[in-house]
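To keep things clear, I will list the structure first and then write my remarks on it.
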Amino acid sequence: MPRTRKGNAPPKSGQRRGGGARCSTQAHSGSSEDEAASEARSTTSECPSLLSTTAEDSLGGDAVDEQGQQEDLEEKLKEYVDCLTNKSAKTRQGALESLRLALASRLLPDFLLERRLTLADALEKCLKKGKGEEQALAAAVLGLLCVQLGPGPKGEELFRTLQPLLVSVLSDSTASPTARLHCASTLGLGCYVAAADIQDLVSCLACLEGVFSQSCSTDGSTAPVVSASLHGLLCAALQAWGLLLTLCPSTHISHILDRQLPQLPQLLSSENVNLRIAAGETIALLFELARDLEEEFVYEDMEALCGTLRTLATDSNKYRAKADRRRQRSTFRAVLHFVEGGECEEEMIRFGLEMLYVDSWARHRIYAAFKDVLGSGMHHHLQNNELLRDIFGLGPVLVLDATTLKAYKVSRFEKHLYNAAAFKARTKARSRVRDKRADIL
């Protein structure tokens, strides 16, 4: 499919339409991933490479001989790939977790191209015969493989091979919610990166829509009660669906608006803060796409929607966690401002010597999707991954020598002076506000 992304369109009239400094909703279950990581580090001697060191240890350090370091890393990765066919489920999970950490923090396209068939076969078996955490980790590794291989024929072949399995696990109500959650995220990300056929896009959209639409009533009344264990799945499916909307042709967007815009506000009353935020951000994205189609777009039930958004933007209920209230209010203030016709805030992300402007809701959803799967490796991939640089319009990878890097490096003493001056200015400003005489003035 053509790689035209609404999130990468140039700003109108010299202005940036922002996907501002909002907190990304993390759908993945952190506790389950921590358990998988702990199991990965306590595997049996059947996979010796996982006993001696963790993946994070093998990826760190400043080696003088970069070539030797790369060779050592590839040797460990070969052992991890071999362990994917081990009879022990703990060993397979350990290998998957190690691969996930490696692929998120390093760029290894050549190594993966040579072994893509082996990896595809191993991941297929993990998704088919594995249970719970193993399926979740296999889906996460598949998503990272798509990011590493990019939109070419090899990446497309990998996604087409494993797409039916992702759909099968996602649609299986008896499967682990964690496994279904990761399959939903990978289905959206893999389709966004590797699918070249519009039919693949439409089928993935329909599959994801079918997951979160079950929590919405068709007659516009209150949304049905959903088990707390499925909140993460609904959130992941909604976010993946929103990611694919940024690729959707205008002819499909108009039908989606008619079908989903009246239903999505029901999710704003969910008990789960992540699901409420995901629904709010998706509503803002739909309004953005609608206004791209029709500048004077008017939503029929605008007054009720704005009332709900305003309530969430000023929510002070004490039974909610303080951090959740703060995050919810920040997000819904931005959503309400945009829905009422205002401009979006703009978020600037620094990485290395470069900056990325997240200046629309579509761009925000794209950035958040990659950030969720890459984690702390996001900045490394923004600097070196041609796929991400193409998506965000960053141009070719910068090649800088040591002299140039040293020239841009700020000394510790200069940082200290800057922080001291900023602290002094902030203290003075706050003192004036706190002073009772400010009320008289």
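The values are calculated or read from the model by the stated rules, or taken from the named source; none is laboratory data. Computed from a prediction, not measured in an experiment: that's the story for all the values here. Cβ placement follows ideal geometry from the backbone for every residue including glycine, while neighbour counts extend to all protein chains displayed. With ligands, DNA and RNA removed, areas are computed over all heavy atoms of the protein, side chains included. Shrake-Rupley method; radii C 1.70, N 1.55, O 1.52, S 1.80 Å.
Picking from GLY143, GLY188, GLY155, which residue would you name as being buried (at least 24 other Cβ atoms within 10 Å of the Cβ) and at pLDDT below 90?
GLY155
Does at least one position in region 333-347 carry a residue that is assigned to a strand (DSSP E or B), touching a residue at least 12 places away in the same chain (Cβ under 8 Å), farther than 23 Å from LEU289 by Cβ and touching a helix residue (DSSP H, G or I) at 6+ places or on another chain (Cβ under 9 Å)?
There is no residue in region 333-347 that is assigned to a strand (DSSP E or B), touching a residue at least 12 places away in the same chain (Cβ under 8 Å), farther than 23 Å from LEU289 by Cβ and touching a helix residue (DSSP H, G or I) at 6+ places or on another chain (Cβ under 9 Å).
If the requirement is being among the β-branched types (Val, Ile, Thr) and crowded, with 20+ Cβ neighbours inside 10 Å, which of these qualifies: THR314, THR331? Quick ask: steps written out before the conclusion?
On the way: THR314 fails: crowded, with 20+ Cβ neighbours inside 10 Å.
On inspection, the qualifying residue turns out to be THR331.
Take ASP390 and tell me if it is assigned to a helix (DSSP H, G or I), over 27 Å from GLY232 (Cα atoms) and open to solvent by 20 Å² or more (accessible area, probe 1.4 Å).
Yes: the conditions hold for ASP390.
Kindly establish whether LEU394 is without any contact (Cβ under 8 Å) to a residue 60 or more places away in the chain, in contact with a strand residue (DSSP E or B) (Cβ under 6 Å, 6 or more places away or on another chain) and of a type outside the set (Lys, Arg).
Numbers: without any contact (Cβ under 8 Å) to a residue 60 or more places away in the chain: yes; in contact with a strand residue (DSSP E or B) (Cβ under 6 Å, 6 or more places away or on another chain): no; of a type outside the set (Lys, Arg): yes.
No.
Is there a residue in region 106-116 that is farther than 26 Å from ALA195 by Cβ, of a type in the set (Lys, Arg) and touching a residue at least 24 places away in the same chain (Cβ under 8 Å)?
no
Looking at region 334-382 only, could you name the residues that are buried (at least 22 other Cβ atoms within 10 Å of the Cβ) and of a type in the set (S, T, N, Q)?
The answer is SER360, and nothing else.
Taking region 120-129 only, how many residues are over 17 Å from CYS183 (Cβ atoms) and either open to solvent by less than 50 Å² (accessible area, probe 1.4 Å) or touching a His at 6+ places or on another chain (Cβ under 7 Å) (or both)? Walk me through how you get there before you give the answer.
Here is the first cut: in region 120-129, the residues over 17 Å from CYS183 (Cβ atoms) are 121.
This time we only want the ones that are either open to solvent by less than 50 Å² (accessible area, probe 1.4 Å) or touching a His at 6+ places or on another chain (Cβ under 7 Å) (or both), so: none.
Counting residues in region 120-129 that are over 17 Å from CYS183 (Cβ atoms) and either open to solvent by less than 50 Å² (accessible area, probe 1.4 Å) or touching a His at 6+ places or on another chain (Cβ under 7 Å) (or both) gives 0.
Name, by its number, the condition in (1) more than 18 Å from VAL193 (Cβ to Cβ); (2) modelled with pLDDT of 90 or more; (3) not hydroxyl-bearing (Ser, Thr, Tyr) that does not hold for LYS129.
Exception for LYS129: condition (2).
Matching residues to (1) surrounded by fewer than 22 Cβ atoms within 10 Å (Cβ to Cβ); (2) among the polar types (S, T, N, Q):
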site: ASP197; (1), (2): yes, no
site: GLY232; (1), (2): no, no
site: CYS235; (1), (2): no, no
site: ALA240; (1), (2): no, no
site: LEU247; (1), (2): no, no
site: ASP258; (1), (2): yes, no
site: THR282; (1), (2): no, yes
site: LEU285; (1), (2): no, no
site: GLU295; (1), (2): yes, no
